[in-house]
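Heads up, the thing below is written out as structure tokens.
Please treat every number below as a calculation from the coordinates, not as lab data. Treat the numbers as computed from the prediction; the structure is a model and nothing was measured. As a convention, Cβ positions derive from the backbone with ideal geometry for all residues, glycine included, and neighbour counts pool all protein chains shown.
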Amino acid sequence: MSMFKEFAMPPLVLTVIAAVVTGALVATESVTTPIIEQQAAAAADAARAVVLPSADSFTQVTVDEMPEGGVDIYEANNGTGYVVTAQAKGYGGMLKVMVGIDSNGLISGTEVLENNETQGLGSKVSEHAFMDQYIGKDSTLEGIETISGTTISSNAFSKAVQNAYQVYGVAAGVEVAGTQRDPITDEVKAELFPNVTSFQKYAVEGEAYKAGDEGYIVVTSNAGFAGDVTTAIGFDLNGAITGVVFTETSETQDYGEQYTRASWKDAQVGKTSADELDLISGSTVTYDALKLNFTEAFEMLPTLADASLEYEGTAEGYNGTMTVAVGIDSTGAITSVRLVDSADDFASKVSDEAFTSQFVGKTSTDGISTISGATVSSTAFIEAVNNALAAQKGA
């Protein structure tokens, strides 16, 4: 055999074969890639049709600044709603959920697109026995229950749905209400300030209270390892911590849960900065949530000295009781009014700024004009404000 055949031919043959195979692969890919993409698009459209069955077809909506956790959003071409894909961190990774939101802003269906949760436990959030409870809910997700033993995965699913609502709000140009946390109870206030009998809420963004002449209570909440960690923190008049109460937490036993124990809470008394908080080994995620809680609380403190206090008044409206919260400063002037609760058919009209702005700066409701076409409701609103002013004077 010649030297050429023995040494040069094999590499040459391999090179030719590789070139042929590569060319074939490229040709195959050029044919199969569009098919795969078309199949993926068809599968996504099919999933959208499941979560928003009233839709005929969909068009993707461009969102310039996608909210946290948002992936994409499609609008139904027949105007019946939107389908949003969003995600949140679960126990085993990101949990991606597709959410249908109808023209009334209510959930029409949900589907899990990606789930890395523990098989048999966290994976249960993909089952309709869990997902179907979201149908008909609005953005507050009121009444949603977690799956026993899968708190982290259940909360991640709800967080993904909430993220989807934020995307929907931006794309549809509507205001989306967040999940509402119940105000702290009188028992929590008394635990923080046992010698105080009078607590008054501040008219501020968030939740804070004047604790008689002894100090303040600030309530803050941030996401921990297994769900939201909500704390009510007591401060004296000098800004030092007087006590801590956990009003909501689902943190892991022997790790994040250790922060709720009296030994840790008592050790924080007297501290004047979130940087002084004690870290428990192995519970970094919970600690980060707590540090945010305390940081936000400390940042709010300086604003409370001159903040208005909030008083509530009620009155009977067109077809139900109306509750109005009124911010009143130290001079007795109204700084804000907001409708807290009402079953009234004209509630949206009395909440309009064109009506509520009349009250700001006044010390009484003299000269306030009612709303044409909603006279009974606006008169009830005015009466409720009067009752709030009376409550402030009697405090």
The answer for the net charge of residues other than Lys393 whose Cβ lies under 15 angstrom from its Cβ, with Lys and Arg +1 and Asp and Glu -1, is -2
Charge tally for neighbours of Glu111 with beta carbon under 10 Å away, counting Lys, Arg as +1 and Asp, Glu as -1, is +2
Taking a crude spin-label model, label points 7 Å out from Cα along the C-beta direction, the Ala343 to Leu279 distance in nm is 5.3 nm
Check: C-alpha center the stretch 253-331 vs C-alpha center the stretch 193-243, spacing in Å is 4 Å
If each K or R counts +1 and each D or E counts -1, the residues other than Ile217 whose Cβ falls under 13 Å of its Cβ total -3
Residues whose modelled amide H sits under 5 Å from the amide H of Gly90, counting only those 5 or more places away in sequence or on another chain, are Leu95
Cross-link reach from Lys349 to lysines, straight Cα distance under 23 Å and at least 8 residues apart if same chain, gives Lys362
